[in-house]
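*Asks:* Questions regarding the structure given below will be posed in turn.
The values are calculated or read from the model by the stated rules, or taken from the named source; none is laboratory data. Since we're looking at a predicted model, the values are computed, not measured. No Cβ is skipped: glycine too gets one built from the backbone with ideal geometry, and neighbour counts run over all protein chains shown. For accessibility, only protein heavy atoms count, side chains too; no ligands or nucleic acids. Shrake-Rupley method; radii C 1.70, N 1.55, O 1.52, S 1.80 Å.
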Amino acid sequence: MYKNLPGVIHLYAHYAAEVDAPLPLWCVSPKPNPAVVRALRTVPAVGKVLSSINLESRVLQAAYSMADAFLFPSLAEASGGP
């Protein structure tokens, strides 16, 4: 798995459970797979996970530039050397 969106959602769920007014989590990703759907069920009602699919380049650039944080999670890291 290239990206670990379920892992990020689980982390967000823990954060949302500990904070009175959690910031929303915006996900720019493909259509949710079953693992993502299961992870979304762990987010408490106070949390908010929003999702965008197939954004135009200019909209994606605007979203990234307005973000407070950017996560690009993966389950494996490639090394730069032999």
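*Asks:* For the subset of segment 57-74 comprising residues that are in contact with a Lys or Arg (Cβ under 8 Å, 6 or more places away or on another chain) and surrounded by 10 or more Cβ atoms within 10 Å (Cβ to Cβ), which member is modelled with the highest pLDDT?
*Replies:* The initial filter retains those residues of segment 57-74 that are in contact with a Lys or Arg (Cβ under 8 Å, 6 or more places away or on another chain), namely 72-74.
Checking which are surrounded by 10 or more Cβ atoms within 10 Å (Cβ to Cβ) leaves us with 73-74.
Values: Pro73: 77, Ser74: 74.
Looking at the filtered set, the residue picked out is Pro73.
*Asks:* Can you say whether Ala45 is farther than 20 Å from Asn4 by Cα, open to solvent by less than 80 Å² (accessible area, probe 1.4 Å) and at pLDDT 90 or above, as far as the supplied structure shows?
*Replies:* no
*Asks:* Tell me whether segment 2-16 contains one or more residues that are modelled with pLDDT under 90, not in a helix (DSSP H, G or I) and not aromatic (Phe, Trp, Tyr).
*Replies:* Within segment 2-16, one or more residues are modelled with pLDDT under 90, not in a helix (DSSP H, G or I) and not aromatic (Phe, Trp, Tyr).
*Asks:* Would you pick out the residues in segment 17-42 that are free of Cβ contacts under 8 Å to residues at least 40 places away in the same chain, open to solvent by 70 Å² or more (accessible area, probe 1.4 Å) and assigned to a loop (DSSP other than H, G, I, E, B)?
*Replies:* Asp20, Ala21, Pro30, Lys31, Arg41, listed by residue number.
*Asks:* Suppose the filter is at positive phi and either under 15 Å from the mean Cα position of the chain (by Cα) or loosely packed, with under 13 Cβ neighbours inside 10 Å (or both); does Asn54 pass it?
*Replies:* yes
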